[in-house]
Amino acid sequence: MKREYQDAGGSSAAGDMGKDKFMSAPAAEEEEVDELLAALGYKVRSSDMADVAQKLEQLEMAMGMGGVGPGAAQDDGFTAHLATDTVHYNPTDLSSWVESMLSELNAPPPPLPQTPSLASTVTGGGGGGFFDIPPPSVDSSSSTYALRPIPSPAVAQPDDSARDPKRMRTGGGSTSSSSSSSSSLGGGGGARSSVVEAAPPAAATAEANAPALPVVVVDTQEAGIRLVHALLACAEAVQQENFSAAEALVKQIPLLAASQGGAMRKVAAYFGEALARRVFRFRPQPDSSLLDAAFADLLHAHFYESCPYLKFAHFTANQAILEAFAGCRRVHVVDFGIKQGMQWPALLQALALRPGGPPSFRLTGVGPPQPDETDALQQVGWKLAQFAHTIRVDFQYRGLVAATLADLEPFMLQPEGEEDPNEEPEVIAVNSVFEMHRLLAQPGALEKVLGTVRAVRPRIVTVVEQEANHNSGSFLDRFSESLHYYSTMFDSLEGAGQGPSEISSGPAAVGTDQVMSEVYLGRQICNVVACEGEERTERHETLGQWRSRLGHAGFETVHLGSNAYKQASTLLALFAGGDGYKVEEKEGCLTLGWHTRPLIATSAWRLAAP
């Protein structure tokens with residue numbers, strides 16, 4: 001079979017040169033040609049049959065395709081590959097072609113060029129054969145990859161693949177990738193020039209003298225589009241409960257995300273993790289230890305320092321409360337999520353500077369129970385009391401521990417004991433910053449809390465919520481909305497720099513604030529995507545949806561004045577890159593966004609007239 005293949009196909013390395021020599025050889029007489037081989041398209045004189053057979057044996061040995069031994073199996077595999085994958089140009093004058101092949105294979109190779117490249121011309125001198133720099137061989141059955149390695153042109157390969165300057169495929173099969181080459185062969189000392197074009201990439205089968213690592217060229221824009229498509233396709237598969245497809249997609253997301261930089265890579269990593277948790281049913285557990293609670297407080301504090309969102313919420317809500325307390329001597333604020341109490345020193349200071357002196361100030365702080373059953377709310381109260389004493393404000397504090405706001409009753413928010421009828425009645429303000437949306441996880445909880453608020457008859461209710469709809473019944477809609485929302489949030493962290501802490505704390509502290517803020521947002525992403533039922537507490541809704549809910553509960557909008565807008569604008573001026581943040585007034589409410597996308601909204605409410 002090997003000899004038949006050699007007769008039929010020859011070798012690809014010198015097909016062109018054999019053709020040149022054959023074209024210059026004199027034609028044989030018709031009556032001297034062997035009839036059987038002539039029927040196959042070969043001209044072999046009957047008198048030369050023995051000589052041709054001997055030379056074919058020599059050619060077979062020179063090309064390393066014959067014999068028995070350890071290399072025989074490998075040689076047979078190489079021959080089979082050539083026979084099935086490539087058809088070489090067949091010379092008509094078989095005797096002259098075999099002779100030229102033997103002369104070239106026995107000639108010593110010329111020195112290799114020093115710095116070959118895929119797009120350069122390699123020229124050599126001498127009386128023997130010359131070697132082209134081969135393109136990487138391609139298996140025609142392999143699939144196409146988007147990330148394409150380009151072999152480094154540091155080493156030329158003088159092996160079997162070097163004898164393949166010209167290849168053709170037979171009809172009926174897929175076209176194999178090939179290199180384009182042109183050759184010229186002169187007399188004994190002629191030179192040969194070959195221009196090599198890069199072939200479609202694949203794993204190179206020929207071993208190099210000193211193999212170099214491939215250089216991977218990545219189109220980040222194309223990879224970014226594929227990344228978003230993979231995220232959305234995985235979310236759609238989850239919605240359809242096609243978890244086998246979702247599992248395959250979720251494994252691609254980290255690889256695609258690695259090609260991105262900045263905010264996109266981080267957002268994709270958090271959403272990929274959340275999808276993986278949902279696919280593999282490894283739901284995040286609620287904070288149940290002292291360490292978890294302390295870490296959550298730490299993340300909240302870093303988020304407060306790194307970006308203006310919480311400061312915007314506090315400043316605008318405080319301004320609305322301050323205007324509602326104008327002229328009042330006894331005021332009471334109920335904070336539905338006091339945390340570290342960072343909102344209230346600014347309000348206390350503003351009240352202390354009020355003409356006519358500060359009012360008597362009472363604060364009720366609501367917070368969750370601590371895992372170690374310590375009274376963390378009382379510690380917050382002590383710090384605020386010390387600050388109030390410094391600025392000479394009459395201050396009272398009470399902490400209420402509640403696992404959920406729905407556990408609150410109206411009497412808990414009333415003053416202790418009976419009020420003196422001779423004293424001015426207490427004016428109440430209720431404040432909720434990123435707390436109301438959590439009530440939507442429990443049926444009827446929001447309605448009960450709003451009923452409790454109505455019962456204490458506050459003068460004003462301030463509500464700050466995320467300006468997004470992450471409470472849709474469709475998982476794919478919720479995923480798509482949250483992907484756009486948090487991509488914008490991460491963009492704002494990347495693009496706007498940090499706040500005043502950059503001056504006081506230095507670059508190291510600024511970097512820590514940003515990283516911890518990303519973790520803070522990442523936990524929200526995980527809850528929105530990976531959790532369901534009562535465990536999914538990050539049920540953000542838009543300002544329009546809150547307007548409808550509060551309107552049905554008996555509240556009406558209080559328009560935030562120009563002072564609140566000025567406070568927000570002053571705040572943004574303190575942040576580097578603050579031009580990206582935009583404050584807008586929307587039907588009496590204020591929104592803070594990044595460029596054209598609103599991200600959080602502050603609204604104020606009061607009891608509607610009967």
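Close amide H contacts of A608 (hydrogens built in the peptide plane, cut-off under 5 Å, sequence separation of 5 or more or a different chain): F555, E556.
Residue separation of Q240 and F411 scaled by 0.36 nm, minus their Cα-Cα distance, works out to 56.8 nm of gained length.
Given K383/K566; K339/K586; K311/K448; K266/K339; K311/K383; K448/K586, which pairs have Cα atoms separated by over 21 Å? In this structure, K383/K566; K339/K586; K311/K448; K266/K339; K448/K586 lie more than 21 Å apart at Cα. Magnitude of the charge dipole for the range 421-502, about its Cα centre and with charges confined to Cβ atoms of Lys, Arg (+1) and Asp, Glu (-1), is about 420 debye. Spacing of the modelled spin labels on Y565 and T596, each 7 Å from Cα toward Cβ, amounts to 2.2 nm. Placing dummy labels 7 Å off each Cα toward the beta-carbon, the span from E584 to A326 is 2.8 nm. Comparing Cα centroids, the range 318-361 and the range 251-272 end up 44 angstrom apart. Taken along the Cα-to-beta-carbon direction at a fixed 7 Å, the label points for W382 and R354 span 2.9 nm. Amide H contacts of H470: H540, E541, each under 5 Å away and 5 or more positions distant or on a separate chain (H built 1.01 Å from N in the peptide plane; Pro and chain starts excluded). Under the 0.36 nm per residue contour assumption, what length would be gained going from the current alpha-carbon distance of A296 and E423 to full extension? Gain on stretching A296 to E423: 41.6 nm. Computing FRET efficiency as 1/(1 + (r/R0)^6) for L232 and E532, where r is the C-beta to C-beta distance and R0 is 22 Å, gives about 0.70. Each residue of the range 238-253 is assigned a 3J(HN,Hα), and the resulting list reads 5, 4, 7, 6, 8, 6, 5, 5, 5, 5, 5, 6, 5, 6, 7, 4 Hz, derived from the Karplus form 6.51 cos²θ - 1.76 cosθ + 1.60 (θ = phi - 60°), x at Gly and Pro. Residue-wise HN-Hα couplings along the range 523-530, as the Karplus relation 6.51 cos²θ - 1.76 cosθ + 1.60 with θ = phi - 60° gives them from phi, are 5, 5, 4, 4, 5, 5, 8, 8 Hz; Gly and Pro carry x.
Quick note: the coordinates plus some simple rules give every number you see, no bench work behind them. The structure displayed is predicted, hence computed values, not measured ones. Cβ coordinates were reconstructed from backbone atoms using ideal geometry, including for glycine residues, and neighbour counts include every protein chain displayed.
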